[in-house]
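Enquirer: Following this message is one structure expressed as structure tokens.
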């Protein structure tokens, strides 16, 4: 089920049941087609804005463009970084390592994890982006969890587990409809 978020709702903490099932992750690779990718997202999806390849001023300008496009689709927008910065920028929450997003007030907390130890550190997370599920262009030749190990680790997440790494909508459906995040898996196609 897709959820829409109004400006008033995005300012308070949400139940993890209301978090999007689909998350588009921004990055230098998908920047050129990012607004088109957002326009193709199911209503009520989420956008994780990283764009660390840009300097601070350019990153803020690009964030504003992405925020407008995402709001037009009823999407949640989470900023990679600390919660204080995310709140100052008007994002719905923060994304990153558990220590980075644990403090800073109300908002959605998305935490990255690659192991059982990192899942344990994600106590205050609303959702854990558990990766990499499959091989990715981001980390060619890197170790992957695979579907079975990912599903076992996902059971240990206090918040909702989100599959990241080599996953797209078709793979998510084959795995029983898991929540997923993707760079390439949601960026391909035409506007």
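Enquirer: Given the conditions (1) closer than 17 Å to residue 26 by Cα; (2) surrounded by fewer than 17 Cβ atoms within 10 Å (Cβ to Cβ); (3) in contact with a strand residue (DSSP E or B) (Cβ under 8 Å, 6 or more places away or on another chain), and given that residue 46 satisfies all but one, which numbered condition is not satisfied?
Expert: Failing condition for residue 46: (2).
Enquirer: Look at region 37-69 and say how many of its residues are outside any helix (DSSP H, G or I), in contact (Cβ under 8 Å) with a residue 24 or more places away in the chain and over 20 Å from residue 129 (Cα atoms).
Expert: 2
Enquirer: Just to be sure I understand the filter: pairs with C-beta atoms under 7 Å, separated by 6 or more residues or on different chains, first member in region 120-148 and within 12 Å of residue 164 (Cβ to Cβ), second member loosely packed, with under 13 Cβ neighbours inside 10 Å. Which pairs pass?
Expert: Within 7 Å, the pairs are 132/142.
Results for (1) closer than 17 Å to residue 46 by Cβ; (2) buried (at least 20 other Cβ atoms within 10 Å of the Cβ); (3) touching a strand residue (DSSP E or B) at 6+ places or on another chain (Cβ under 7 Å); (4) at pLDDT below 85, shown as yes or no for each residue.
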position: 138; (1), (2), (3), (4): no, no, no, yes
position: 152; (1), (2), (3), (4): no, no, no, no
position: 164; (1), (2), (3), (4): yes, yes, yes, no
position: 173; (1), (2), (3), (4): no, no, no, no
position: 177; (1), (2), (3), (4): yes, no, no, yes
position: 186; (1), (2), (3), (4): yes, yes, yes, no
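Enquirer: Filtering region 15-36 down to residues that are touching a residue at least 12 places away in the same chain (Cβ under 8 Å) and assigned to a loop (DSSP other than H, G, I, E, B), which residue is farthest from the chain's Cα centre (by Cα)?
Expert: 33
Enquirer: Hey, can you tell me all the residues within region 154-191 that are over 13 Å from residue 21 (Cβ atoms), without any contact (Cβ under 8 Å) to a residue 40 or more places away in the chain and part of a helix (DSSP H, G or I)?
Expert: 154, 170, 171, 174, 185
Enquirer: Among 32, 18, 39, which is surrounded by fewer than 16 Cβ atoms within 10 Å (Cβ to Cβ) and modelled with pLDDT of 95 or more?
Expert: After ruling out the rest, the residue left standing is 39.
Enquirer: Checking the structure you have, find out if any residue of region 116-125 is buried (at least 22 other Cβ atoms within 10 Å of the Cβ) and closer than 19 Å to residue 27 by Cβ. Spell out how you get there, then give the answer.
Expert: Of region 116-125, the ones buried (at least 22 other Cβ atoms within 10 Å of the Cβ) are 119, 122, 125.
With closer than 19 Å to residue 27 by Cβ added as a condition, the list becomes none.
Scanning region 116-125, I find no residue that is buried (at least 22 other Cβ atoms within 10 Å of the Cβ) and closer than 19 Å to residue 27 by Cβ, so the answer is no.
The values are calculated or read from the model by the stated rules, or taken from the named source; none is laboratory data. If you're wondering where the values come from, they're calculated on a predicted model, not measured in any experiment. Because the Cβ atoms are built from the backbone with ideal geometry, glycine has one as well, and the counts that use them run over all protein chains shown.
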